[in-house]
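The values are calculated or read from the model by the stated rules, or taken from the named source; none is laboratory data. This is a predicted model, so every value here is computed, not measured. Counting neighbours? That spans all protein chains shown, and the Cβs are built from the backbone with ideal geometry, glycine included.
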C-alpha cells in the first residue's frame, strides 16, 4: 500500500513542478475523508465488473442520473473488458487513487483480490462504495448497494417448481462464473430453494462463463445428456440467451421451462414468446444511483453511507406490462426506479 | 455402430509407409497422434454415454466446433509463415457485431451481412499484414495491437451493449440446415477443403511453407515474400470474419464480449494438429483434428457430468502429449534419414 502512496505522491510532486501554479495538497491517509472542498465540483469514479453488458450500461445510467440530480458532479466511468480480468481491475482502482478522484464506486470482480485495492483507496483518503459485488473483508465504512442474490435465487427455484407443477421433474442449472461471489450466491440460493421441492432433481450444472455461445453449447450438451429434462434455471443474461437458443434449436421450446435472470431486450422478447417462464430482474439503475447519490451526500454533508438491498422484481408474461415492471425495465432519469 | 479396430489399425499404419515420403510423414506424425487420440476418445464416449453416438449430438458437436475450426484454419495459415495472430477473438467479435448492426440498423439481409463480416475481417487482416510485411513489426506485437484496437472498436460500435432484436433470418448461417445437415458444418468443410488444397496443391501454398521455413532463403529464391505475407493475413482475416459471423448468427445477436481468449483455443487446435510455432509446418487436416479433439473433451465432459474444471486440465495434457509425440517422431525420422 505504501508503494502506491509513494507513487501517488511522486506523481503529484511531478504535477506540481510542471504546472508550478496551484498549491497541491498531498492528502494524508490519517486525516481520513472529507479533505475535498464540499461545495466544489466532484469527480466520482464508477467502475463496473466489465463493460459490454446491458446490465452495466444501466448501472452507468443510474450513476449519471444521480450525478445530474446532485449537480456539479462528474462520473468517470471506466472498466475492464472482461469480468475475469481481476488484475486489470486492481490496476484500475489504483489509477483512480493516483488521479485523486473524490470518491470511488465500483463492483468487485473478485471479493478477495480487490480488498487491498479498496483499503489502499481508503488509506489515501478516498471514500469507497461498492455496488453489486463487495469485497471480503469489507471495511465498515464501505457500504454495499446490491441485490440479495441468494433470496432471488431461492425464489427462482420456487418459480420453477410452480411452473412445472406436480410430479417428478429433472432440472438443470446454467451458472456463469464459478468462483465469483454473485455466482456462488445464486447457485447456493437455487440449490437451497430446490431442497424444499422434493419432486425436483438437479441433474446437471454447467457454467457459461458469461458467453452466449458457450451457454448455448453446454445447454445443447445438457439436453443431449438428459432427454427427460423439464426445467432450466439460467443465472445471468448470457446464460439465459444461450439456453433459449439451444432449446429453440433442439425444437423443444415449450417443453422446457426456463427461469432466467436479468432483462435484456432479447430476454424480454423470450418472455413474450413463451420461451422463458419468468425472469428475476435486478435493479442495476438503483445500484449506480444509490452508489453515487450516497457518495455525494457523504462527501458534501459527511453523512455515513449505509448499505442497502437494491431489490429484485419477478417478471412473468402476466405482469410484464405493469407500470412497476416497466420502470425497472426501461429506467430513465425522468422517472427513476428508485426510492428517493 | 462400426467397430473401433479397423480404424485404429489405420491410424497406426503410416508407421510402415513413411520411408520414401519423409517430409510428408513428418507432417502426418503429430496428426496421427492427435487422430489416434480423437478416435480413442470417440470410441470411449460412444460406450460411456448412450447419448453420444446420436445424429443430433454429432451434428451439435459439428456446429459447436465450426467457428473454432474455421478460425483455427486461419490461425494455421499464419502459423505456417512463422507468425501468430492474437487478434482473432477481437476481430471475430468486431465482424459479428458489425454484421449484426448492418442487419438491425441498415436492413441488410443475412448474406450481405456475411459479406460485410468477411470484409471487416479481411480489412483487419490487411492491417495485420501491413504491420508485419511493410512495417516489419513482429507478428506477436502487430496482432497484439490489433487485438486491443479491435476490442475497443467493438465497444465503440456497440456502445458496449449487445446487438439484439435481429430478424430470425440472421440465424440462417449459424443455425440453418441443408438436407438435414447444419449449414455451419458445410461451411466448415468447404473452408477446410479449400484452404487445405490451397496449401498442398498450389504454388502459393508451397511458397507459404517455404517462407515459414526460411524467409531469407525464400526471398533469395525470388518468392515475393511481402506480398505473400500480406495475402496470408488478409485471407486469415477473412476467415476470422466468417467465423465471427457464424458465432453471432448462432446466438442471433452481436456480442461485444465474444471471443475473449479464443486465440488460445485456436492456437491449441493448430498446435495439437501438428503446426509448429517455428514455422514451415502445419496442415489444415491436423488443425481440424485438434479442434474436434478439444470439442470432444468438452462435449464428453458435459455428457458424463465431469467437473468443468477438469476440461481445461485435460486440454492442457493433450497439448503436451501431442506436441511431445510430434517432436519425438520428427527426431526419429530425421535420425533415420
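The conditions are (1) outside any helix (DSSP H, G or I); (2) touching a strand residue (DSSP E or B) at 6+ places or on another chain (Cβ under 7 Å), and residue B:277 fails exactly one of them. Which is it?
Answer for residue B:277: the failing condition is (2).
Before we move on, is residue B:314 surrounded by fewer than 22 Cβ atoms within 10 Å (Cβ to Cβ) and in contact with a strand residue (DSSP E or B) (Cβ under 6 Å, 6 or more places away or on another chain)?
No; evaluated as a whole, the condition is false for this residue.
Could you identify the single residue in B:184, B:142 that is under 20 Å from the mean Cα position of the chain (by Cα), within 14 Å of chain A (Cβ to nearest Cβ) and part of a helix (DSSP H, G or I)?
B:184
Among the helices (runs of 4 or more DSSP H) lying completely within region A:254-340, list those that include at least 2 residues that are in contact (Cβ under 8 Å) with a residue 60 or more places away in the chain and under 23 Å from residue A:130 (Cβ atoms).
Fully inside region A:254-340 and qualifying: A:284-301.
With A:228, A:162, A:170 as the choices, which residue is more than 9 Å from chain B (Cβ to nearest Cβ), under 16 Å from residue A:278 (Cα atoms), surrounded by fewer than 21 Cβ atoms within 10 Å (Cβ to Cβ) and over 18 Å from the mean Cα position of the chain (by Cα)?
A:162
Among the listed residues A:204, A:179, which satisfies the condition of being farther than 17 Å from residue A:152 by Cα, within 14 Å of another protein chain (Cβ to nearest Cβ) and either without any contact (Cβ under 8 Å) to a residue 12 or more places away in the chain or surrounded by fewer than 21 Cβ atoms within 10 Å (Cβ to Cβ) (or both)?
A:179
Counting only residues that are in a helix (DSSP H, G or I) and more than 22 Å from the chain's Cα centre (by Cα), how many does region B:192-247 have? Give the steps one after another, and end with the answer.
First, the residues of region B:192-247 that are in a helix (DSSP H, G or I): B:192-201, B:203-213, B:215-220, B:225-247.
Checking which are more than 22 Å from the chain's Cα centre (by Cα) leaves us with B:203, B:215-220, B:225-227.
Going through region B:192-247 one residue at a time, the tally reaches 10.
If residue A:259 passes every condition in (1) in contact with a helix residue (DSSP H, G or I) (Cβ under 8 Å, 6 or more places away or on another chain); (2) at the interface with chain B (Cβ under 9 Å from one of its Cβ atoms) but one, which one does it miss?
Condition (2) is where residue A:259 drops out.
Looking for something within 14 Å of another protein chain (Cβ to nearest Cβ) and in contact with a helix residue (DSSP H, G or I) (Cβ under 6 Å, 6 or more places away or on another chain) - is there at least one such residue anywhere in region B:130-137?
no
Need at least 3 residues that are under 19 Å from residue A:284 (Cα atoms) per element, so show me which strands (runs of 3 or more DSSP E) inside region A:131-217 make the cut, counting only ones lying wholly within it.
Result: A:144-146.
Keeping to region A:226-244, report how many residues are modelled with pLDDT under 95 and either assigned to a helix (DSSP H, G or I) or not assigned by TED's automatic domain parsing to the domain that holds residue A:167 (or both).
Counting residues in region A:226-244 that are modelled with pLDDT under 95 and either assigned to a helix (DSSP H, G or I) or not assigned by TED's automatic domain parsing to the domain that holds residue A:167 (or both) gives 2.
Within the bounds of region B:297-305, is there any residue that is farther than 30 Å from residue B:164 by Cβ, outside any helix (DSSP H, G or I) and within 11 Å of chain A (Cβ to nearest Cβ)?
Yes.
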